[in-house]
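Since the structure comes first, as C-alpha coordinates, the remarks are kept for the end.
The values are calculated or read from the model by the stated rules, or taken from the named source; none is laboratory data. The structure displayed is predicted, hence computed values, not measured ones. Here the Cβ is made from the backbone with ideal geometry for all residues, glycine too, and neighbour counts use every protein chain on show.
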Amino acid sequence: MRLPLAALALLVAAGCADDATPTTEPVADAVAEIVPSGPDRAVAQIAEVDGSGVSGSVEFIDLDDAVEIRYNLSGLSAGMHGFHVHQTGDCGPDSTGTPAGAAGGHLNPLASPHGAPSARPVQRHAGDLGNVEADASGRAVGVRVDSVLAFDGPTSFLGKAMLVHGGEDDLASQPSGDAGARVGCGVIRRADEAAADTTGADTVATPAR
(Lines give C-alpha, C1' and ligand atoms only; values in the text may rest on other atoms or scores of the structure.)
Protein backbone atom coordinates (compact mmCIF):
# COMPACT_ATOMS: atom_id res chain seq x y z
CA MET A 1 0.00 0.00 0.00
CA ARG A 2 1.38 3.37 -0.96
CA LEU A 3 0.95 6.21 1.53
CA PRO A 4 -0.42 9.52 0.35
CA LEU A 5 2.23 12.22 -0.04
CA ALA A 6 0.77 14.28 2.81
CA ALA A 7 0.97 11.35 5.24
CA LEU A 8 4.53 10.57 4.14
CA ALA A 9 5.56 14.18 4.82
CA LEU A 10 4.12 14.00 8.34
CA LEU A 11 6.09 10.82 9.09
CA VAL A 12 9.35 12.39 7.91
CA ALA A 13 8.75 15.50 10.03
CA ALA A 14 8.06 13.38 13.11
CA GLY A 15 11.28 11.45 12.59
CA CYS A 16 13.29 14.67 12.37
CA ALA A 17 11.74 15.92 15.62
CA ASP A 18 12.68 12.68 17.41
CA ASP A 19 16.29 12.93 16.20
CA ALA A 20 16.70 16.57 17.33
CA THR A 21 18.92 17.05 20.38
CA PRO A 22 17.22 19.32 22.97
CA THR A 23 19.28 22.17 24.43
CA THR A 24 20.35 21.67 28.04
CA GLU A 25 21.75 25.18 28.73
CA PRO A 26 19.62 26.90 31.39
CA VAL A 27 18.10 30.17 30.26
CA ALA A 28 19.41 31.96 33.37
CA ASP A 29 22.99 30.93 32.54
CA ALA A 30 22.65 32.21 29.01
CA VAL A 31 21.34 35.55 30.27
CA ALA A 32 24.12 35.83 32.86
CA GLU A 33 26.70 35.57 30.09
CA ILE A 34 25.41 38.68 28.36
CA VAL A 35 24.20 40.81 31.28
CA PRO A 36 27.14 42.29 33.25
CA SER A 37 26.95 42.54 37.02
CA GLY A 38 26.59 46.00 38.55
CA PRO A 39 29.34 47.95 40.29
CA ASP A 40 30.20 47.40 43.93
CA ARG A 41 28.07 49.52 46.24
CA ALA A 42 28.19 50.26 49.95
CA VAL A 43 26.09 52.39 52.25
CA ALA A 44 26.22 53.99 55.68
CA GLN A 45 22.90 54.66 57.38
CA ILE A 46 23.57 57.82 59.39
CA ALA A 47 22.01 58.03 62.85
CA GLU A 48 21.99 60.95 65.24
CA VAL A 49 24.72 61.25 67.85
CA ASP A 50 23.89 62.52 71.34
CA GLY A 51 20.39 63.70 70.37
CA SER A 52 21.56 65.87 67.45
CA GLY A 53 18.60 64.97 65.23
CA VAL A 54 20.89 64.25 62.26
CA SER A 55 20.02 61.29 60.02
CA GLY A 56 20.30 60.13 56.43
CA SER A 57 22.48 57.96 54.23
CA VAL A 58 25.81 58.00 52.42
CA GLU A 59 26.27 55.68 49.42
CA PHE A 60 29.55 54.59 47.84
CA ILE A 61 29.73 53.33 44.24
CA ASP A 62 32.82 51.74 42.72
CA LEU A 63 34.04 53.49 39.54
CA ASP A 64 37.11 51.21 39.20
CA ASP A 65 39.65 54.03 39.51
CA ALA A 66 37.61 56.15 41.96
CA VAL A 67 34.57 56.06 44.23
CA GLU A 68 31.38 58.05 43.72
CA ILE A 69 29.88 59.25 47.01
CA ARG A 70 26.21 60.22 47.23
CA TYR A 71 24.86 61.73 50.42
CA ASN A 72 21.39 62.66 51.62
CA LEU A 73 21.36 64.10 55.13
CA SER A 74 18.86 66.00 57.26
CA GLY A 75 18.65 67.57 60.70
CA LEU A 76 21.81 69.65 60.30
CA SER A 77 22.25 73.31 61.13
CA ALA A 78 22.51 75.50 58.04
CA GLY A 79 26.05 75.80 56.71
CA MET A 80 29.16 73.64 56.29
CA HIS A 81 29.80 70.39 58.15
CA GLY A 82 32.90 68.21 58.30
CA PHE A 83 32.45 64.92 56.46
CA HIS A 84 34.93 62.12 57.15
CA VAL A 85 35.53 58.38 57.15
CA HIS A 86 36.96 57.35 60.53
CA GLN A 87 39.26 54.56 61.68
CA THR A 88 36.86 52.03 63.21
CA GLY A 89 33.35 50.76 62.71
CA ASP A 90 32.13 51.77 66.16
CA CYS A 91 29.72 54.69 66.59
CA GLY A 92 29.56 54.41 70.37
CA PRO A 93 31.22 56.65 72.96
CA ASP A 94 34.91 56.22 73.79
CA SER A 95 36.42 55.59 77.23
CA THR A 96 36.09 59.29 78.10
CA GLY A 97 32.39 59.35 77.18
CA THR A 98 32.85 61.41 73.99
CA PRO A 99 29.81 60.73 71.77
CA ALA A 100 30.87 58.56 68.77
CA GLY A 101 34.43 58.81 70.05
CA ALA A 102 34.97 55.07 69.60
CA ALA A 103 35.15 55.71 65.85
CA GLY A 104 38.65 57.06 66.45
CA GLY A 105 40.37 59.61 64.26
CA HIS A 106 40.16 59.97 60.50
CA LEU A 107 40.98 56.93 58.39
CA ASN A 108 44.69 57.48 57.70
CA PRO A 109 46.54 54.33 56.60
CA LEU A 110 49.21 56.37 54.78
CA ALA A 111 50.11 58.39 57.90
CA SER A 112 49.46 61.68 56.08
CA PRO A 113 48.53 65.07 57.58
CA HIS A 114 44.94 66.29 57.52
CA GLY A 115 44.03 68.15 54.35
CA ALA A 116 41.50 68.94 51.65
CA PRO A 117 39.89 66.14 49.62
CA SER A 118 41.50 67.60 46.50
CA ALA A 119 45.02 67.17 47.94
CA ARG A 120 47.39 64.36 46.96
CA PRO A 121 47.24 61.16 49.09
CA VAL A 122 50.42 62.13 50.97
CA GLN A 123 48.83 65.48 51.89
CA ARG A 124 45.46 64.26 53.19
CA HIS A 125 43.93 61.49 55.23
CA ALA A 126 42.21 58.82 53.15
CA GLY A 127 39.06 59.69 55.12
CA ASP A 128 39.25 63.44 54.43
CA LEU A 129 36.13 64.24 52.42
CA GLY A 130 35.96 67.94 53.29
CA ASN A 131 32.53 69.36 54.01
CA VAL A 132 28.90 69.03 53.06
CA GLU A 133 26.68 72.11 53.00
CA ALA A 134 23.24 72.07 54.59
CA ASP A 135 20.54 74.46 53.40
CA ALA A 136 18.20 76.50 55.58
CA SER A 137 16.01 73.43 56.15
CA GLY A 138 18.96 71.42 57.42
CA ARG A 139 19.30 69.17 54.36
CA ALA A 140 22.55 68.35 52.59
CA VAL A 141 22.22 66.42 49.33
CA GLY A 142 24.94 65.90 46.75
CA VAL A 143 27.37 63.73 44.80
CA ARG A 144 31.16 63.78 44.66
CA VAL A 145 33.97 61.57 43.38
CA ASP A 146 37.03 60.60 45.42
CA SER A 147 40.14 58.94 44.00
CA VAL A 148 41.84 57.98 47.29
CA LEU A 149 39.20 55.86 49.03
CA ALA A 150 38.66 52.35 47.66
CA PHE A 151 36.58 49.23 48.20
CA ASP A 152 39.73 47.14 48.66
CA GLY A 153 43.33 47.67 49.76
CA PRO A 154 44.87 49.92 52.41
CA THR A 155 42.44 52.81 51.82
CA SER A 156 39.30 50.64 51.99
CA PHE A 157 36.41 52.26 53.83
CA LEU A 158 34.34 49.09 54.29
CA GLY A 159 33.53 48.44 57.93
CA LYS A 160 34.59 51.96 58.94
CA ALA A 161 32.44 54.73 60.40
CA MET A 162 31.15 57.63 58.29
CA LEU A 163 30.86 60.74 60.44
CA VAL A 164 29.26 64.14 60.04
CA HIS A 165 30.43 66.96 62.30
CA GLY A 166 28.65 69.91 63.82
CA GLY A 167 31.06 72.50 62.43
CA GLU A 168 33.06 73.26 59.32
CA ASP A 169 36.31 71.46 58.54
CA ASP A 170 38.88 74.23 57.86
CA LEU A 171 40.94 71.69 55.85
CA ALA A 172 44.15 72.78 57.58
CA SER A 173 44.06 72.43 61.39
CA GLN A 174 45.74 69.25 62.62
CA PRO A 175 44.78 66.55 63.12
CA SER A 176 41.10 66.87 62.18
CA GLY A 177 40.25 70.29 60.75
CA ASP A 178 38.62 71.61 63.94
CA ALA A 179 35.21 70.46 62.70
CA GLY A 180 33.56 70.25 66.10
CA ALA A 181 31.32 67.64 67.69
CA ARG A 182 30.31 64.41 65.99
CA VAL A 183 26.62 64.77 65.20
CA GLY A 184 25.93 61.87 62.79
CA CYS A 185 27.48 58.42 62.45
CA GLY A 186 26.96 55.19 60.53
CA VAL A 187 29.02 52.11 59.71
CA ILE A 188 29.79 51.61 56.01
CA ARG A 189 28.62 48.20 54.80
CA ARG A 190 28.29 46.59 51.39
CA ALA A 191 24.83 47.34 50.03
CA ASP A 192 23.66 43.71 50.09
CA GLU A 193 24.70 43.35 53.73
CA ALA A 194 23.00 46.61 54.67
CA ALA A 195 19.79 45.53 52.92
CA ALA A 196 19.80 42.25 54.86
CA ASP A 197 20.10 44.14 58.15
CA THR A 198 16.50 44.69 59.26
CA THR A 199 17.48 46.73 62.30
CA GLY A 200 17.77 49.92 60.23
CA ALA A 201 20.27 52.69 60.99
CA ASP A 202 23.14 52.08 63.34
CA THR A 203 22.26 52.84 66.91
CA VAL A 204 24.58 55.45 68.40
CA ALA A 205 24.83 55.20 72.14
CA THR A 206 24.42 58.35 74.20
CA PRO A 207 26.73 58.47 77.20
CA ALA A 208 25.26 58.72 80.66
CA ARG A 209 25.32 62.18 82.20
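Can you pull out every residue in the range 52-69 that is assigned to a loop (DSSP other than H, G, I, E, B) and surrounded by 18 or more Cβ atoms within 10 Å (Cβ to Cβ)?
Once the filter is applied, which keeps residues that are assigned to a loop (DSSP other than H, G, I, E, B) and surrounded by 18 or more Cβ atoms within 10 Å (Cβ to Cβ), the range 52-69 yields SER52, VAL54.
A quick yes/no check of all residues on (1) in contact with a strand residue (DSSP E or B) (Cβ under 8 Å, 6 or more places away or on another chain); (2) within 25 Å of SER156 (Cβ to Cβ); (3) of a type in the set (A, V, I, L, M, F, W, C); (4) at pLDDT 50 or above:
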position: CYS16; (1), (2), (3), (4): no, no, yes, no
position: PRO26; (1), (2), (3), (4): no, no, no, no
position: ALA42; (1), (2), (3), (4): yes, yes, yes, yes
position: GLY79; (1), (2), (3), (4): yes, no, no, yes
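Restricting ASP170, ASP202 to residues that are at pLDDT below 95 and among the acidic types (Asp, Glu) narrows the list to ASP202.
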